[in-house]
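Scroll down for the structure; my scribbles are underneath it.
The values are calculated or read from the model by the stated rules, or taken from the named source; none is laboratory data. Computed from a predicted model, the values in this text were never measured in an experiment. Note: ideal-geometry Cβ built from the backbone for every residue, glycine included; neighbour counts use all protein chains shown. The area values use the complete protein model at the heavy-atom level, side chains included, leaving out ligands, DNA and RNA. Shrake-Rupley method; radii C 1.70, N 1.55, O 1.52, S 1.80 Å.
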Amino acid sequence: MKMNRLALLIAALPLAYLAPAALAAPTIKEQEVAPPWKPGTLLTLSQRGMRFASTRLKDNGKWVVQIDGVESPEYDEVLKSAPTIELTFTLTGDIGVSSVRDQGPVAFGPDGKRYAYTARNGEELVVVSDGSPIFRGKVSPSAPQVQQLRITPDGKHVYFFSASGDTMSSVVLMMDGKPASPPLDAIVPLLFSADGSHWVLSAGAAKTPATRLVVVDGRAADYNCEAARISPDGRHVACFTRAATLPAGHSRGVLVDGKLTVSGPKVDLLKLSPSGDVFVRVSDATNNSTLYRNGTLVESSQGATEVSWSPDGAHWVVKGISKMGAAHWIMYDGEKQKDYTQVSDVVFSGDATAWGYLAQSDKGSHIVINGEERTTNPFVRGPQFAKTGHNFVYAAGPNTVKIFFNGTESMPLPSIFGLELSPDGTRSGYFAGVSGLTTQLTIDGVPKGLPRGYDVGQRVVFSPDSKHVVATAMHPVRKSPTIYVDGTFLPLAEFQLSPREFTPDNQHLIFTSPGPVFEKVVQTARTYVDGDVVATCSARGVTWANSPKMVRPAIGVLQWLQSPKTVDPDAKDYEIEADGSLVLICSTPAPGGYGPIKKITVTPAAGSSFGAWVASLPK
């Protein structure tokens, strides 16, 4: 598994390119966590912490759950009771879709420290949490005893829904194996506070579904309402009510902690901001809408359609329509902006000190930053803010495109692909179109290397401190694909390296590349830390079951501005730990395609760095 830099250089380069000496190699520790994968085996990877589960059928016909190499007792069956749940919310703040995907056997907590699963022996079901049973029940095909097994976001509790027996479809919420709600008419998603320690659910009562129950942290509220949601700090619950005690002509109202705050002929928006503000939209009998914030009318909000806010909740934005649909506008912290024919959603800087949006008028497209129009062009894409600070970039132009970086424009270009800002927004990198799909790597506005054909595997990656950059490039002398690192082109085109990311301490680079063919049959894939091969895995894909970490977005190329990543930052089978080590899960090569599954921990050598590696390479 280990191969030092000198061996790689010997294999890849003529004698004249040999490095003077091999550098200190990282320490690599391997732990076998499961036997080779075979059809029917279900693998689950925690969202954080690199906890690994293999649920598999043994040769004796019994099932086991193997957590990080430690086998559970044998069972007749391990149930697929742990789903990945996706919630989408409408513009009004209601749950639009609650869908279940990737139903699997093991539920991990968000940090990977806890796990739970459901197993069967004969007619008995058992829910096992961290190796100990917390619930036992009988098999009932018509009314499953364990559904939607999950762990709360704070990692402290295991919960699921179980048939209550009141009706054919009624359920009760179970928290740590004990009832935590009255009988309900259907399974509903729990909504949590920001830290995951408080929760709310609202559903119909089992036998009288029209009675809408509210349950907060396991206690039924003394009022009834629907579509309840909880404030981020967990201190308040807001919901809709249709109580007969509303004023005449009012069909709906909003309760906050059981007290009526706003009502009207039509109330169809209820959203809670990260700072705990409660926004409500009320429409009159003629369908004219206004917005209320914490029970107080927002002036000049007639025609409000939706509301959003900065990530910290310190600033709020209203989007609205007026003048019979001819005017679209944005209101920022209560101050109404200019009318346009169309406006897009507002985006915020990393520190929420700046904001911007895209607008349309009869003159063209406009970028608006902090309420000020910055440009007018036939088309505009953006703006995009850096992760920290308030630096921004956008693209605009007629038939060609310019990059406007903090107000400074680039030369006109046919196209822009893969635009990246450094985390602090002081640097940029992209692939500038030359002709057709031929592009030129450009770092901080300066072309690097030679033009090459663009593909979705090309990447620009900045270090967390924004001081370093690595990118795919075309070598200016050897005229072959290579890697550009801080002004240096690697001479090793044979590596076929693809940069993934810098480590959080800015000291090391992680790459991947195709590896050699194992026994002339199985293609392998390699992972590198700086120039060292730290893992050689089977390249054959394995299906992950209900693994949130491995949910990958669709891959595509968006012209003019930022391209969706070919590798999502969180969708990866490795993780960098707080101590600087790299942990990855690897199905090792074998004649059948899959060898034993290993957890590999890589610790870089003291004093080593990607800079020292690059400096050691022949120029």
Task: Scan of the stretch 385-412 for residues that are in a strand (DSSP E or B) and open to solvent by less than 30 Å² (accessible area, probe 1.4 Å), ordered by number - done: Phe385, Phe392, Val393, Tyr394, Ala395, Ala396, Gly397, Val401, Ile403, Phe404
- [ ] Would you mind finding the one in Asp222, Asp268 that is in a loop (DSSP other than H, G, I, E, B) and acidic (Asp, Glu)?
- [x] Asp222
- [ ] Within the stretch 514-530, track down each residue that is open to solvent by 10 Å² or more (accessible area, probe 1.4 Å) and either of a type in the set (Gly, Ala, Ser) or part of a loop (DSSP other than H, G, I, E, B) (or both).
- [x] Gly515, Glu519, Lys520, Val521, Ala525
Open item on the list: Quick check on Ser466: is it in a strand (DSSP E or B) and surrounded by fewer than 20 Cβ atoms within 10 Å (Cβ to Cβ)?
Closed with: no
Task: Among (1) open to solvent by 30 Å² or more (accessible area, probe 1.4 Å); (2) on the phi > 0 side of the Ramachandran plot - the single one Trp37 does not satisfy - done: (2)
Open item on the list: Residues that are touching a strand residue (DSSP E or B) at 6+ places or on another chain (Cβ under 7 Å) and either modelled with pLDDT of 90 or more or among the basic types (Lys, Arg) (or both): does the stretch 90-103 have at least one?
Closed with: yes
Open item on the list: Asp532 - would you say it is within 30 Å of the chain's Cα centre (by Cα) and farther than 24 Å from Tyr394 by Cβ?
Closed with: yes
TODO: Could you list, in sequence order, all residues of the stretch 439-463 that are under 17 Å from Met411 (Cα atoms), open to solvent by 20 Å² or more (accessible area, probe 1.4 Å) and not in a loop (DSSP other than H, G, I, E, B)?
DONE: Gln440, Val446, Pro447
- [ ] Examine the stretch 546-558 for a residue that is open to solvent by less than 40 Å² (accessible area, probe 1.4 Å) and modelled with pLDDT of 85 or more, and state whether such a residue exists.
- [x] yes
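Condition check ((1) under 32 Å from the mean Cα position of the chain (by Cα); (2) open to solvent by 60 Å² or more (accessible area, probe 1.4 Å); (3) more than 26 Å from Ala395 (Cα to Cα); (4) polar (S, T, N, Q)) across all residues:
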position: Thr296; (1), (2), (3), (4): no, yes, yes, yes
position: Ala327; (1), (2), (3), (4): no, no, no, no
position: Lys338; (1), (2), (3), (4): no, yes, no, no
position: Thr353; (1), (2), (3), (4): yes, yes, no, yes
position: Gln360; (1), (2), (3), (4): yes, yes, no, yes
Open item on the list: Of everything in the stretch 155-179, what is open to solvent by 10 Å² or more (accessible area, probe 1.4 Å), in a loop (DSSP other than H, G, I, E, B) and in contact with a strand residue (DSSP E or B) (Cβ under 8 Å, 6 or more places away or on another chain)? Give them in sequence order.
Closed with: His157, Ser164, Asp176, Gly177
Open item on the list: Can you pull out every residue in the stretch 33-51 that is in contact (Cβ under 8 Å) with a residue 40 or more places away in the chain and part of a loop (DSSP other than H, G, I, E, B)?
Closed with: Pro35, Pro36, Trp37, Lys38, Ser46, Gln47, Arg48, Gly49, Met50, Arg51
Task: Failed condition for Val434, given (1) farther than 24 Å from Ala571 by Cβ; (2) in contact (Cβ under 8 Å) with a residue 40 or more places away in the chain; (3) hydrophobic (A, V, I, L, M, F, W, C); (4) in contact with a Leu (Cβ under 9 Å, 6 or more places away or on another chain) - done: (2)
Task: Odd one out for Val401, checked against (1) among the aliphatic types (A, V, I, L, M); (2) within 28 Å of Asp345 (Cβ to Cβ); (3) free of Cβ contacts under 8 Å to residues at least 24 places away in the same chain - done: (3)
